[in-house]
Amino acid sequence: MQGLLDGRNVIVTGAGSGVGRAACLLFARHGAKVMALDIGLEAAQATADMVSAEGGTALARACDVGDAAAVDAAVAATVEAFGWLDVIYNNAGITLQPRAGYQGVRKFIDTDDDEIERIYRVNVNGVINGCKAAIRQFEAQAREGRPGGVIVNTASVAGLIGWGGSAYGSSKGAVTLLTKTLALELAAQGIRVNSVCPAGMPTNFLPGLQTSDAAKASMGATHPLGRPIDPMDCANAALFLASDLSSNITGVNLPVDGGLSAGIPPRR
Ligand SMILES: NC(=O)c1ccc[n+]([C@@H]2O[C@H](COP(=O)([O-])OP(=O)(O)OC[C@H]3O[C@@H](n4cnc5c(N)ncnc54)[C@H](O)[C@@H]3O)[C@@H](O)[C@H]2O)c1
């Protein structure tokens, strides 16, 4: 089978779990060489080992996306290992951790400043750092006769509509608008920028999400299609946006949300 990413070199952040791990596996199945970055080296290495076990090519590296110098170094290491960079998938993200005794979505007023800073550092600065490092690399490659490049971000349906908490939602709103503004800024250089906007996924994102059948069922019930989002649903969307299938698409925030952001469903 011809892979959609044959000959492409790809960085995935947050690669040690959930969407990032699914994307590394799928991208490698489609021929990409993958640099799996995660704040946890063991988790990133486990993903790279899974790719290798399937016959794909992946390296793992510890990288905190909130640390611009670490992200620059990870891009340099990718180029050193693979020769050049084609795609960065800025996927790493975090949300508020549950607070003991607190029921439901945390109110903004009950969210501490350091919790908001922590979310913004990863979800906003992490994407900014990934975009900047990749753009610098893409521009250097263009000067050497290899123009273009692709940026895919993971935002959230919470970056499209009011959903979930304000701290998290506003951080993802920054990602969806950065995706559009950057897409316009970089279009003349042939660099495309799009995002995947997932709704509820039972991953390691929130403690307990991945284990409890009741939590999965109740998460599914809030989506018009009736089931939670699978990390591979997002990986499939990211593959489309990373590949030439979407070569004339930029500035799009693609919902992978079972219809959640489409509007208010009719009463049944
Ligand atoms: N799970 C959901 O319900 C949901 C919904 C909408 C959007 N999202 C978004 O999808 C993306 C992936 O989430 P997931 O569900 O796969 O979560 P996950 O927790 O399963 O995986 C996220 C990975 O990111 C890594 N990570 C965390 N902080 C990091 C940092 N500073 N630097 C590098 N890596 C870091 C974690 O170690 C983990 O391996 C995130 O951007 C998240 O905001 C998730």
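None of the figures in this text is laboratory data; all of them are computed from the coordinates on show. Remember, it's a predicted structure, so these values are computed and weren't measured experimentally. Reconstructed Cβ throughout: ideal geometry from the backbone, glycine too, with neighbour counts over all protein chains shown.
Below are the figures for this structure:
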| quantity | calculated |
| --- | --- |
| Potential lengthening between Thr181 and Asn204 on full extension [0.36 nm per residue; Cα-Cα distance subtracted] | 5.2 nm |
| Förster radius 22 Å - calculated FRET efficiency between Arg143 and Ala77, Cβ distance, rounded to 0.05 | 0.60 |
| Amide proton proximity set for Met35, modelled H, under 5 Å, gap of 5+ | Val10, Ile11, Val12, Leu59 |
| At most 13 other Cβ within 10 Å, DSSP loop - GluC sites (Glu not before Pro), region 36-103 | Glu54 |
| Residues Asp110 and Ser218, FRET efficiency given R0 of 22 Å [Cβ-Cβ distance, rounded to 0.05] | 0.50 |
| Estimated inter-spin distance, Ala62 and Asp49, nm [label 7 Å along Cα→Cβ] | 1.7 |
| The chain - mean residue ellipticity at 222 nm from DSSP helices (-39,500 (n - 2.57) per run, n ≥ 4, rounded to 500) | -13000 deg cm²/dmol |
| Tally of Lys pairs whose C-alpha atoms are under 20 Å apart, taken over the chain, 8 or more apart or cross-chain | 4 |
| Cut-off under 5 Å, modelled amide H: who pairs with Gly149 long-range | Arg192 |
| Loop-exposed chymotrypsin sites (Phe, Trp or Tyr not before Pro) per DSSP, neighbour cap 16 Cβ within 10 angstrom, longest uninterrupted part of the chain | 103-268 |
| Simple Cβ-charge dipole of region 194-268, Lys/Arg +1 and Asp/Glu -1, about Cα centre, in debye nearest 20 | 340 |
| Percent of Cα-Cα distances greater than 30 Å, calculated over the chain | 24 |
| Filtered GluC sites (Glu not before Pro), region 93-201: DSSP coil and at most 11 other beta carbons within 10 Å | Glu144 |
